[in-house]
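The values are calculated or read from the model by the stated rules, or taken from the named source; none is laboratory data. Just so it is clear, the structure is predicted and the values come from calculations on it, not from any experiment. Cβ coordinates were reconstructed from backbone atoms using ideal geometry, including for glycine residues, and neighbour counts include every protein chain displayed.
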Amino acid sequence: MRYLIISDVHSNLTAFEAVLNDAAGLYEKVWCLGDMVGYGPNPNECVELLLSLDHLCLAGNHDWAVLGKLDIDDFNPDARFATLWTREQLTSNVKEYLDALPTKLLEEEFYTLVHGSPRHHVWEYILYPTIAQPNFEHFDTPYCFVGHTHSPVIFRQADNPEDMCDALVPVFNAGPIQFDESRLIVNPGSVGQPRDGDARAAYGVLDTESCTFEYRRVAYKVGEIQEKMKGYNFPPRLWNRLAFGW
């Protein structure tokens, strides 16, 4: 089975459509790691597009925030603006969908799926090996997919679990990589809000039969989504950053 692995679409319909076009024919089902909404101008359209696909999806912190299930006092002012704006836009159908999303899934025996981390499913950021290391103790499968940080990376557990894990920087559009016997925490990056210095939408394709994973990147019309955001008077930092991937 081939899966399209996406995360952190963040209401960026232009980027989401570009990913689906780029990945056409490469997958049978979508695994979404959360944060379909927040930051961008098309929350309902993004969720409705996901609903049109064979998929499963997790709850992210922004999905919870727009429902009032998460305190937004810790959000920066721009994120709070986007959260409150999104709350006013959501249809009842989209609200019900987001409210029912799980925070953790175990798929095909080998794959744990969460938004933040195995230890704290919705909120924890796995940015560094020192954070990834204790998280290996919080899932039992060989592989765990996470999102949340908007930065693609693979953390590989050391042969001696007491040694520090490795952080591997992925190469994009270079073909599949083989998953070996090492336990991995894999972040595919963000579709709609990349923050690794590359403005292109990031995603991955998992083939469970060959046990391979391909990191992919696709350019999209950033100016198009920026104009939508300007039209709704979004803070400049929210739309400026899209052109730089930070």
The correct count of residues that are farther than 15 Å from Ala158 by Cβ and assigned to a loop (DSSP other than H, G, I, E, B) in the stretch 129-143 is 3
Within the stretch 223-241, residues in a helix (DSSP H, G or I) and either hydroxyl-bearing (Ser, Thr, Tyr) or touching a Phe, Trp or Tyr at 6+ places or on another chain (Cβ under 9 Å) (or both) come out as Ile225, Gln226, Glu227, Lys228, Met229, Lys230, Leu238
Of (1) closer than 25 Å to Gly231 by Cα; (2) out of contact with any strand residue (DSSP E or B) (no Cβ under 9 Å at 6 or more places or on another chain); (3) crowded, with 24+ Cβ neighbours inside 10 Å, Ala59 satisfies every one except (1)
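To keep it simple, each residue is scored yes or no on (1) in contact with a Leu (Cβ under 9 Å, 6 or more places away or on another chain); (2) touching a residue at least 24 places away in the same chain (Cβ under 8 Å).
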{"position": "Leu70", "(1), (2)": "no, yes"}
{"position": "Phe81", "(1), (2)": "yes, yes"}
{"position": "Glu88", "(1), (2)": "no, no"}
{"position": "Glu108", "(1), (2)": "no, yes"}
{"position": "Gly116", "(1), (2)": "no, yes"}
{"position": "Tyr125", "(1), (2)": "no, yes"}
{"position": "Pro129", "(1), (2)": "no, yes"}
{"position": "Gly147", "(1), (2)": "yes, yes"}
{"position": "Phe155", "(1), (2)": "yes, yes"}
Listed by range, helices (runs of 4 or more DSSP H) wholly within the stretch 1-120 having at least 2 residues that are under 16 Å from the mean Cα position of the chain (by Cα) are 13-22, 43-51, 61-66
A careful count of residues in the stretch 24-66 that are of a type in the set (Gly, Ala, Ser) and within 17 Å of Gly147 (Cβ to Cβ) gives 6
How many residues of the stretch 173-218 are aliphatic (A, V, I, L, M), out of contact with any Ser or Thr (no Cβ under 9 Å at 6 or more places or on another chain) and under 17 Å from Tyr143 (Cα atoms)? The answer is 2
The residue that is surrounded by the most Cβ atoms within 10 Å (Cβ to Cβ), considering only those in the stretch 209-246 that are β-branched (Val, Ile, Thr) and closer than 30 Å to Gln178 by Cβ, is Val218
Taking the stretch 175-196 and the residues there that are without any contact (Cβ under 8 Å) to a residue 40 or more places away in the chain and among the hydrophobic types (A, V, I, L, M, F, W, C), the one that is farthest from Phe213 (Cα to Cα) would be Phe179
Counting only residues in the stretch 12-36 that are β-branched (Val, Ile, Thr) and closer than 18 Å to Pro188 by Cβ, the one surrounded by the most Cβ atoms within 10 Å (Cβ to Cβ) is identified as Val19
- prompt: Would you say Arg156 is of a type in the set (Lys, Arg), touching a Pro at 6+ places or on another chain (Cβ under 9 Å) and either buried (at least 21 other Cβ atoms within 10 Å of the Cβ) or more than 25 Å from Ser11 (Cβ to Cβ) (or both)?
  reply: no
Residues of the stretch 171-208 being within 18 Å of Gly25 (Cβ to Cβ) and surrounded by fewer than 18 Cβ atoms within 10 Å (Cβ to Cβ), in sequence order, are Asn173, Gly175, Pro176, Asp207, Thr208
Assess whether Leu168 counts as being within 22 Å of Val9 (Cβ to Cβ) and either crowded, with 19+ Cβ neighbours inside 10 Å or at pLDDT 95 or above (or both).
-> no
Expected output for the stretch 1-15 (first residue touching a residue at least 60 places away in the same chain (Cβ under 8 Å), partner among the aromatic types (Phe, Trp, Tyr) and part of a loop (DSSP other than H, G, I, E, B), Cβ below 7 Å, 6+ apart or cross-chain) is Arg2/Tyr27; Tyr3/Tyr27; Leu4/Tyr27; His10/Tyr39; Ser11/Tyr39; Thr14/Tyr220; Ala15/Tyr220
Cβ pairs under 9 Å, 6+ apart or interchain, first in the stretch 225-241 and under 13 Å from Ala82 (Cβ atoms) and free of Cβ contacts under 8 Å to residues at least 40 places away in the same chain, second in a helix (DSSP H, G or I) and of a type in the set (Val, Ile, Thr), ordered by first then second residue, are Trp239/Val222; Trp239/Ile225
